[in-house]
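The values are calculated or read from the model by the stated rules, or taken from the named source; none is laboratory data. Predicted model only: the values in this text are computed from it and were never measured. Methodologically, a virtual Cβ is constructed for each residue, glycine included, from the backbone with ideal geometry; neighbour enumeration extends over all protein chains shown.
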2 protein chains.
Amino acid sequence: MRKVYLDNASTTPLLPEVREAMLPYLGEYFGNPSCIHEWGDAPREAVEEARSGVGRLIGADNSEEIIFTSGGTESNNFAVKGIALANQAKGKHIVVSAIEHFSVLYSGKTLEKLGFEMTVVPVDKDGIVHPEDVQKAIRKDTTLVSIMHANGEVGSLQPIAEIAKITRAKNVVFHTDAVASTGTIPVNVKELGVDLLSLSGNQFYGPKGIGALWVRRGVRIMPYLDGGVQEGGRRAGTENIPGIVGLGKAAEVAMAKMPERIKNLTPLRDKLLKELPAKVSHVTITGPLTNRLPGHASFCVEFIEGEAMLMLLNSQGVGVTSGSACTSRALKASHVLIAMGLDHAIAQGSLLFSFGINNTKEDVDYILEVLPPIVERLRQMSPLWDKYLKSGKGGK
Amino acid sequence: MRKVYLDNASTTPLLPEVREAMLPYLGEYFGNPSCIHEWGDAPREAVEEARSGVGRLIGADNSEEIIFTSGGTESNNFAVKGIALANQAKGKHIVVSAIEHFSVLYSGKTLEKLGFEMTVVPVDKDGIVHPEDVQKAIRKDTTLVSIMHANGEVGSLQPIAEIAKITRAKNVVFHTDAVASTGTIPVNVKELGVDLLSLSGNQFYGPKGIGALWVRRGVRIMPYLDGGVQEGGRRAGTENIPGIVGLGKAAEVAMAKMPERIKNLTPLRDKLLKELPAKVSHVTITGPLTNRLPGHASFCVEFIEGEAMLMLLNSQGVGVTSGSACTSRALKASHVLIAMGLDHAIAQGSLLFSFGINNTKEDVDYILEVLPPIVERLRQMSPLWDKYLKSGKGGK
């Protein structure tokens, strides 16, 4: 059977050249970079080279502003809690959007338990935050605004540079979760104007278990992992050398190949966004049509339950998801879709296709071939569909 | 030149069989375990198999009590802060020992900033905590005792089971940092009687960037990384699959080979502990003679500065450290040695040899050959040595 992986938003495969770069650090160069003897030398140099590579990918002036973490979730926890806790003297209020990743939203909820307040700004029906809503939400005691760069569930890109103008004018620290965008589309901390930025290796063909938080020089942040003096005293723990090296290599490849990747991915996305609603009735595109991640096509299929659709697609060799991988096993309607105004019943039929560098036009054709009969089969079993037909609103 | 790595306390090399076990997860099996489609299946099964392997290594009844983390530092931060923050209703006091790893001590200091109190119990001259001191330190509002199983700097083993009897009687949660011991000597959570236990892969020939926290079922802990529902909702973030698989494999190998490893390492340690003080004057063994980690021999060489000794040993192909790798670049006298009552001048001459599975008796002979002339050379340049000689207390 044809195997079609269309879940690159959940995680990407590791590039062979990234794996090659990692292997020496899973072998001969096993030393601890903190050590003074020669076993520490190669790993230490490799870490600094990777730091430069990641810095270049995001346009950081100074690679020392990059702190390696265990992934996007740690970066987001570190940013949100670290800024809020370090700046309590100024105030105890933070602002996030309704469609942030749970690692941001739940970090905010943890802060609420510690006596902080959090304002959640809405998004429009396309899943876009309006800068004026951020402006309105900022108070005298606001210390942090955290708005994601791209949403992984509906692909929407946020007006980060515009929001940054507001936060700068109001002298509030601005963090962006760029986990879904970094390595996929251009991300430049200077152009975005943010103060902190989260990224993750497994989102752009790098390793799992590694990410980074970029913290603009001069920004006060509380370390998240206490202990040794690694990462300039800002993130303790023996470094994950193979992971860091892999992240650096993935960053380097992403920089070199980004234009080509975007050129290849965009037509796949656009073909699916255009043709799927024509092939299956009662399908809504979620997120914007063009202001979205290049390989990202998401829909809601009405009168159907996403979970069953995923399983039938899997039986046809297709790997997709119904929303965030982090919560797909929690089986709740996506908070992102609800925030965009969709009702729960429709949000249950969510389907997310995220193309990667190994996908082709034929993969889209395959989806367009296998999905319609699956939807038809599921609707025949659906009491909602039956009710809808009897209501006379639909044809047959 | 002969190359002798004697710094396994800083980090161990990765076993070839561990690397082999990891490779498929750096290749074909790249999926996200949270996904419902088949790409998630092999990684998810591998994670659960590794969890069982780690559980077996530490004698856990239930592998669900194992939470994978990014390493020992995260495990210790998670344990100390997670227990303290989850049990604030009972009290805001914790007890640690003076020789804990900085990831425990500084987690305690962070808690102090949040309004908690921390009592630091002393150790004796061998670096051993006395259970009665723990007993005395526990108050009505104590919610956590955290005492390490083995100290990585002086090798001392702590009377964990005895302390556990006290904490149990007083109904206080007991965490042990077993990063330096797990995989090296028998560690059994039931025999130790603890409630939480930290371990780290790179301490027993597993990968860097991965560790675990064992939390006894029923113990209330606050999640440390907020976000998705991974690890039973207790540790969010896409799993580091290759790291987890490597940790599981390293655990399996450690269980199988532990008796043989201990049998080989102990004579190396004992030979060095016995013969080095005979070859170099004014050398003190730090830590206990026998109640210590099998491959661990540590000393203080008087009238000398550890840093210079490390560099000259490195020039002879020998990799050792002067204390904790996490702080070796901080160049402060070890808090462990100071807690044991050594004065700062002597603590500066600290030397730590940690043998691993690749070391032989010939490595010990090589140390005994190259170290004495290095010490002599450094002492000739030392004003302290000069002063000592002139005082007439020494010979020559």
Checking the conditions here, which among B:Leu312, B:Leu289 is in a loop (DSSP other than H, G, I, E, B) and of a type outside the set (Gly, Ala, Ser)?
B:Leu289
Name the single residue, out of those in the range B:147-173 being assigned to a helix (DSSP H, G or I) and of a type in the set (Val, Ile, Thr), that is nearest to B:Lys190 (Cα to Cα).
B:Ile160
Applying the selection to the range A:206-223, what residues are more than 8 Å from chain B (Cβ to nearest Cβ), part of a loop (DSSP other than H, G, I, E, B) and surrounded by 24 or more Cβ atoms within 10 Å (Cβ to Cβ)?
A:Gly206
Which residues, counting only those in the range B:189-203, are in contact with a Lys or Arg (Cβ under 8 Å, 6 or more places away or on another chain) and either in a strand (DSSP E or B) or within 11 Å of chain A (Cβ to nearest Cβ) (or both)?
B:Leu196, B:Gly201, B:Asn202
Inside the range A:307-324, the number of residues satisfying the requirement of being at the interface with chain B (Cβ under 10 Å from one of its Cβ atoms), among the small types (Gly, Ala, Ser) and surrounded by 18 or more Cβ atoms within 10 Å (Cβ to Cβ) is 3
Taking the conditions exactly as written (closer than 20 Å to B:Leu197 by Cβ, part of a helix (DSSP H, G or I), outside the structural domain of B:Leu273 (by TED's automatic domain parsing) and among the aliphatic types (A, V, I, L, M)), does B:Leu144 satisfy them or not?
no
If you go through the range A:357-370 one residue at a time, do you hit one that is in contact with a strand residue (DSSP E or B) (Cβ under 8 Å, 6 or more places away or on another chain) and part of a loop (DSSP other than H, G, I, E, B)?
yes
Going through (1) farther than 28 Å from B:Gly59 by Cα; (2) surrounded by fewer than 21 Cβ atoms within 10 Å (Cβ to Cβ); (3) free of Cβ contacts under 8 Å to residues at least 40 places away in the same chain; (4) out of contact with any strand residue (DSSP E or B) (no Cβ under 8 Å at 6 or more places or on another chain) one by one, B:Gly227 fails only at (2)
Single condition B:Gly40 does not satisfy, out of (1) closer than 27 Å to A:Phe30 by Cβ; (2) in contact with a helix residue (DSSP H, G or I) (Cβ under 9 Å, 6 or more places away or on another chain)
(1)
Could you tell me whether the range B:103-120 includes any residue that is more than 14 Å from chain A (Cβ to nearest Cβ), surrounded by fewer than 17 Cβ atoms within 10 Å (Cβ to Cβ) and either part of a helix (DSSP H, G or I) or in contact with a Phe, Trp or Tyr (Cβ under 8 Å, 6 or more places away or on another chain) (or both)?
no
Taking the range B:89-102 and keeping residues within 10 Å of chain A (Cβ to nearest Cβ) and either more than 22 Å from the chain's Cα centre (by Cα) or crowded, with 24+ Cβ neighbours inside 10 Å (or both) leaves B:His101
Going by the structure shown, is A:Thr176 outside any loop (DSSP other than H, G, I, E, B) and either within 14 Å of another protein chain (Cβ to nearest Cβ) or more than 20 Å from A:Arg292 (Cα to Cα) (or both)?
no
Limited to the range B:246-267, what total is found for residues that are touching an Asp or Glu at 6+ places or on another chain (Cβ under 8 Å) and either more than 13 Å from B:Tyr205 (Cα to Cα) or not charged (D, E, K, R) (or both)?
2
Return the total of residues in the range B:236-256 being more than 9 Å from chain A (Cβ to nearest Cβ) and among the charged types (D, E, K, R).
2
Anything in the range A:338-356 that is within 10 Å of A:Leu265 (Cα to Cα) and not in a loop (DSSP other than H, G, I, E, B)? List them, or say none.
A:Ser354
The listed residue being in the same structural domain as B:Met22 (by TED's automatic domain parsing) and within 28 Å of A:Thr110 (Cα to Cα), out of B:Ala60, B:Ala84, B:Ala50:
B:Ala84
The range B:61-78, residues that are in contact with a Lys or Arg (Cβ under 8 Å, 6 or more places away or on another chain) and either within 14 Å of chain A (Cβ to nearest Cβ) or touching a residue at least 60 places away in the same chain (Cβ under 8 Å) (or both):
B:Asp61, B:Asn62, B:Glu64, B:Glu65, B:Ile66, B:Ile67, B:Phe68, B:Thr69, B:Gly71, B:Phe78
Please pick out the residue among A:Ala169, A:Ala137, A:Ala164 that is hydrophobic (A, V, I, L, M, F, W, C), surrounded by fewer than 24 Cβ atoms within 10 Å (Cβ to Cβ) and free of Cβ contacts under 8 Å to residues at least 24 places away in the same chain.
A:Ala169
Which numbered condition A:Pro259 misses (of (1) more than 14 Å from every other protein chain (Cβ to nearest Cβ); (2) more than 23 Å from B:Pro43 (Cβ to Cβ); (3) touching a helix residue (DSSP H, G or I) at 6+ places or on another chain (Cβ under 9 Å); (4) not small (Gly, Ala, Ser)):
(3)
(1) assigned to a loop (DSSP other than H, G, I, E, B); (2) buried (at least 23 other Cβ atoms within 10 Å of the Cβ): which one isn't true of B:Asp124, the others all being true?
(2)
So is A:Ile244 of a type in the set (A, V, I, L, M, F, W, C) and either part of a helix (DSSP H, G or I) or farther than 30 Å from B:His101 by Cβ (or both) or not?
yes
Considering only the range B:18-28, I want to know if a residue exists there that is over 24 Å from the mean Cα position of the chain (by Cα), at the interface with chain A (Cβ under 8 Å from one of its Cβ atoms), over 23 Å from B:Gly233 (Cβ atoms) and buried (at least 23 other Cβ atoms within 10 Å of the Cβ).
yes
Wholly inside the range A:1-90, helices (runs of 4 or more DSSP H) that include 2 or more residues that are among the polar types (S, T, N, Q) are A:72-86
B:His130 - would you say it is in contact with an Asp or Glu (Cβ under 9 Å, 6 or more places away or on another chain) and surrounded by fewer than 22 Cβ atoms within 10 Å (Cβ to Cβ)?
yes
